[in-house]
1. Please enumerate the residues belonging to region 185-220 that are hydroxyl-bearing (Ser, Thr, Tyr) and open to solvent by 70 Å² or more (accessible area, probe 1.4 Å).
2. Any residue in region 438-447 that is in contact (Cβ under 8 Å) with a residue 12 or more places away in the chain, under 23 Å from Ser208 (Cβ atoms), open to solvent by less than 20 Å² (accessible area, probe 1.4 Å) and in a helix (DSSP H, G or I)?
3. So which residues in region 1-53 are among the hydroxyl-bearing types (Ser, Thr, Tyr) and surrounded by fewer than 16 Cβ atoms within 10 Å (Cβ to Cβ)?
4. Ser315 is checked against (1) polar (S, T, N, Q); (2) touching a residue at least 60 places away in the same chain (Cβ under 8 Å); (3) touching a helix residue (DSSP H, G or I) at 6+ places or on another chain (Cβ under 6 Å) and fails just one. What number does that condition carry?
5. Within the set of pairs 6 or more residues apart or between chains, which connect a residue that is within 16 Å of Ile166 (Cα to Cα) inside region 367-381 to a residue that is at pLDDT 90 or above and basic (Lys, Arg) with Cβ atoms less than 6 Å apart?
6. With open to solvent by less than 20 Å² (accessible area, probe 1.4 Å) and in contact with a helix residue (DSSP H, G or I) (Cβ under 7 Å, 6 or more places away or on another chain) as the only criterion, which of Ser169, Ser182 stands out?
7. For Tyr384, work out the one condition from (1) without any contact (Cβ under 8 Å) to a residue 24 or more places away in the chain; (2) under 30 Å from Gly184 (Cβ atoms) it doesn't fulfil.
8. For region 93-163, list the helices (runs of 4 or more DSSP H) that sit wholly inside it and hold at least 1 residues that are open to solvent by 10 Å² or more (accessible area, probe 1.4 Å) and not aromatic (Phe, Trp, Tyr); which are they?
Amino acid sequence: MQDIQLFFNSLSNYVWGPYMLALLVGTGIYLSLRLIFLQFRLLPFALKQAFTPHPKKEDGSDHHGDISHFGALMTALSATIGTGNIAGVATAVVSGGPGAVFWMWITAIFGMATKYGEGVLAVKYRIVNDKGEMSGGPMYYIERGMKLKWLALLFALFGTIASFGIGSSVQSNSVANAIHTSFGIDTTTTGVALTLLTAIVVLGGIKSIARASSIIVPFMAVSYILGGVAIIVVNADLFLPALSTIIDHAFGADAVGGAILGNAVRYGVARGVFSNEAGMGSAPIAAAAAKTDHPVRQALVSMTGTFLDTIIVCSITGIVLVMGGLYNDGQTGAALTTLTFNKMLPGPGGWIVTFGLIFFAYSTILGWCYYGEKCATYLFGDKYVNLYRIVYVATVMAGAVLQLDLVWSAADVFNGLMAIPNLIALLFLSGVIVRETKDFIEKRKNGELP
């Protein structure tokens with residue numbers, strides 16, 4: 001077992017090495033250039049689309065799709081706003097220094113273009129399955145756009161395996177341990193409760209997941225953001241020095257040290273990608289379910305997910321960590337974030353992180369169930385969807401009560417492997433993304449689309 005653990009640890013370091021990070025960021029830069037930095041030009045319009053009802057047809061009927069723009073965004077955010085926003089940012093600051101926060105921002109800026117491209121292709125190449133539901137994502141735009149069935153199957157395989165790790169068991173493990181540490185509740189008890197809560201939602205499919213996500217995600221995100229803003233306001237004298245420290249370290253000694261990439265760049269990019277999942281191929285699976293009149297409209301909504309996840313939520317964590325100054329004291333991960341929030345806002349600060357971690361992880365379980373389900377049904381057919389859901393729910397229970405060092409390592413590997421087919425497709429089909437973008441803009445100018 002130890003040899004298998006070492007194998008996956010070694011493979012994870014290779015999969016998530018500098019070449020993968022360069023490919024992820026490089027794809028975002030390439031798409032940004034081809035789209036003339038659309039993420040800046042159309043961000044206000046995109047945010048408006050995300051938080052207002054999607055336009056219906058002239059006859060008052062709805063467009064094809066299973067859930068609203070907002071529901072698709074919340075489903076995607078439920079899977080992306082998670083432990084990476086709390087533990088991942090802390091790891092980046094400890095390993096890469098305060099400058100890692102700046103490089104997380106840079107990753108997010110280019111990642112918005114990547115997430116946009118994924119959304120365009122997801123809607124354009126989606127299909128209606130035998131149940132009348134939308135199915136889409138990288139496996140479909142790889143098969144239908146690139147005509148490479150084998151590569152689509154690889155993505156679906158990696159996505160299915162990753163869902164049982166990064167999506168369910170490791171998240172339930174984080175929740176069970178957090179509740180045990182904070183409240184002394186046995187992990188088995190937490191596991192049973194979490195399994196039941198998960199089953200109630202995920203067995204109802206995407207509409208049920210979207211409804212739950214549309215309640216949980218705004219609540220948890222707003223609560224966490226308000227808590228972080230309160231800390232910044234209470235300690236306002238430390239805010240500007242913290243920003244100065246972040247910028248200085250982004251281009252200082254720890255940014256240019258290291259092997260191929262400097263520590264600040266390496267860990268900032270790695271944790272930024274881990275948090276917002278731009279380029280991983282997961283979020284477009286949710287985007288494909290949205291009711292929309294054009295692929296670009298939903299793609300713009302999808303793009304806002306990276307902005308909200310990293311530019312907003314991760315920034316709150318990163319700035320507070322730098323303001324607190326505890327990142328050199330030997331702690332890391334969620335423990336460091338908890339200590340820092342509690343120091344900066346004694347009493348409620350620690351609870352903000354604890355409850356944030358619990359809700360973030362639970363919402364990730366819900367979102368990833370849908371991702372894994374679509375990957376599994378692509379591989380084996382729709383008739384196995386209920387079997388997948390049952391197995392997924394079972395791994396939630398297993399994750400709460402077992403030691404998961406091997407699962408963590410394996411999940412990292414398969415999560416990273418998902419990105420490779422997806423990024424190849426984004427680069428290969430970049431011309432389609434550009435054409436769809438021009439078509440949408442032209443139709444809006446001509447009054448054909450609202």
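The values are calculated or read from the model by the stated rules, or taken from the named source; none is laboratory data. Source: prediction; values computed, not measured. Backbone-built Cβ (ideal geometry, glycine too); neighbour counts: all protein chains shown. The protein model used for the area step is the full one, side chains on, heavy atoms only, and it has no ligands, DNA or RNA in it. Shrake-Rupley method; radii C 1.70, N 1.55, O 1.52, S 1.80 Å.
1. Listed by number, the list holds a single entry, Thr189.
2. no
3. Ser10, Tyr14, Tyr19, Thr52
4. (3)
5. Here the result reads none, with nothing in region 367-381 linked to a residue that is at pLDDT 90 or above and basic (Lys, Arg).
6. Ser169
7. (2)
8. In region 93-163, 99-124, 149-162 are the helices (runs of 4 or more DSSP H) which contain 1 or more residues that are open to solvent by 10 Å² or more (accessible area, probe 1.4 Å) and not aromatic (Phe, Trp, Tyr).
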